[in-house]
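Below is one structure; the comments refer to it alone.
The values are calculated or read from the model by the stated rules, or taken from the named source; none is laboratory data. Every value quoted in this text rests on a predicted model; they were computed, and no experiment measured them. Cβ coordinates were reconstructed from backbone atoms using ideal geometry, including for glycine residues, and neighbour counts include every protein chain displayed.
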Amino acid sequence: MIAALAIFAIVLCTSIVSGIFGMAGGLILMLILALWLPVPAAMVLHGVTQFFSNGWRAWLWRRWIDWRIVGLYILGALPATLLSLVVAYVPDKPTMLIALGLVPYAALALPASLALDATRRSHAIACGFLVAGTQLIAGVAGPLLDVFFVRSTSLDRRAVVATKATTQALSHTLKVGYYGALVAGLPALGAEIYAAAIAAAVVGTTLAGPILEKLSNAQFRRWTRVIVLVVGTISIVQGIALLAG
C-alpha cells in the first residue's frame, strides 16, 4: 500500500508535467522507475502508465490531433519495432540511464540546417522510426520527438500536445509488448501498483489541461527545453555513478 501511494504521488506529478508540456514528465518518471526496478519491470510499468497518460491526454485534446502525422509516424515505427524484435537487445541499468539522459542532448544537438518538421511526409516517417527505436532502448524518446515538432510552427501548441500524445500512446503500447515477456521471471508488481499508476496518470493529465491553456506558445517551448535538459543531466550522472560503483 505504501508503494502504491508513492507511485500515485510520483505519477500524478509527472503526468501533470507531461500534460502541460506534452513530454518531460515521462522522462522524469522513467528516471525514478529505473533507479527502483529492474529494467524490464521499469519499462513495463512506465509503458502502461504512459499509455494511459498519453491516451487520456489525446482523448481530452482529440479535436486537435493531426491524424495525417499519426499515420505517417506509424509507417516509420513498425519497421523500427520489427528490427528491435530481431536484435532482442535489453540494456543494463547504467546503459539505460545514460541513454535516457543523452536523448534530450542528442535532440538539441541536431543542426538547425536539418529543419526537421513533423508536418513533412518524409520527416514524419523518420520520426516514427527514430522515436520508436529510441523508446525501446532508453524507455523514453519525448525530447527526440519534440525536435520534429519544435519547428512545426503551423501547428498550435494544443495540436502539438494532442498529436504527440497519440504517437506516444502507440509507442508505449509497442514497448509494453516488447518488454512484457521479459518480466515473467521477475517478482511481479502488485495490481495495486498498476491501478495507482493508471489512476494518477488520468487525474494528473486532467489537472494539467487548464494550465496548458494559460501558457503562451513561447513559454511552452522554453520551459520544455529547460526541464528535459535538467532531467537528462541527472540521469547521465546516475548512470555514470552506477558504472563507477
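G76 meets the conditions (1) out of contact with any Phe, Trp or Tyr (no Cβ under 6 Å at 6 or more places or on another chain); (2) surrounded by 20 or more Cβ atoms within 10 Å (Cβ to Cβ); (3) modelled with pLDDT of 85 or more in every case but one. The failed one is (1).
Is the range 80-90 home to any residue that is at pLDDT 85 or above, touching a Gly at 6+ places or on another chain (Cβ under 7 Å) and surrounded by 18 or more Cβ atoms within 10 Å (Cβ to Cβ)? Yes, the range 80-90 contains a residue that is at pLDDT 85 or above, touching a Gly at 6+ places or on another chain (Cβ under 7 Å) and surrounded by 18 or more Cβ atoms within 10 Å (Cβ to Cβ). Of the listed requirements (1) surrounded by fewer than 21 Cβ atoms within 10 Å (Cβ to Cβ); (2) under 19 Å from R225 (Cα atoms); (3) without any contact (Cβ under 8 Å) to a residue 24 or more places away in the chain, L29 misses just one: (1). Here the range 135-154 is the region considered, the condition is being modelled with pLDDT under 80 and under 18 Å from A218 (Cα atoms), and the residue that is surrounded by the most Cβ atoms within 10 Å (Cβ to Cβ) is P143.
Within the range 78-130, the set of residues being within 18 Å of L31 (Cα to Cα) and β-branched (V, I, T) comprises V90, T95, I98, V103. Only one of the numbered conditions (1) without any contact (Cβ under 8 Å) to a residue 40 or more places away in the chain; (2) out of contact with any Leu (no Cβ under 8 Å at 6 or more places or on another chain) is violated by R151, and that is (2).
If you go through the range 188-209 and keep only what is in contact (Cβ under 8 Å) with a residue 24 or more places away in the chain and not in a helix (DSSP H, G or I), you end up with L189, G190. Which of the residues belonging to the range 137-183 are of a type in the set (V, I, T) and farther than 19 Å from A58 by Cα? Across the range 137-183, the qualifying residues are I137, V147, T153, V183.
Could you check how many residues of the range 214-236 are assigned to a helix (DSSP H, G or I), in contact (Cβ under 8 Å) with a residue 40 or more places away in the chain and not hydroxyl-bearing (S, T, Y)? If you could, list the steps in order and put the result at the bottom.
Step one: filter the range 214-236 for residues assigned to a helix (DSSP H, G or I), giving 214, 217-236.
Imposing the further condition that a residue be in contact (Cβ under 8 Å) with a residue 40 or more places away in the chain reduces the set to 217, 220-221, 223-225, 227-229, 231-236.
Applying the additional criterion that residues be not hydroxyl-bearing (S, T, Y) yields 217, 220-221, 223, 225, 227-229, 231-232, 234, 236.
Total satisfying the criteria: 12.
None of A132, A106 is among the small types (G, A, S), at pLDDT 85 or above and either closer than 20 Å to L82 by Cα or assigned to a helix (DSSP H, G or I) (or both) except A132. Inside the range 181-208, can you point out the residues that are of a type outside the set (A, V, I, L, M, F, W, C) and at pLDDT below 80? Hits for the range 181-208 are G185, P187.
Scan the range 109-129 residue by residue and report those that are assigned to a helix (DSSP H, G or I), under 22 Å from F220 (Cα atoms) and either touching a Ser or Thr at 6+ places or on another chain (Cβ under 6 Å) or of a type in the set (F, W, Y) (or both).
Answer for the range 109-129, where residues must be assigned to a helix (DSSP H, G or I), under 22 Å from F220 (Cα atoms) and either touching a Ser or Thr at 6+ places or on another chain (Cβ under 6 Å) or of a type in the set (F, W, Y) (or both): there is none.
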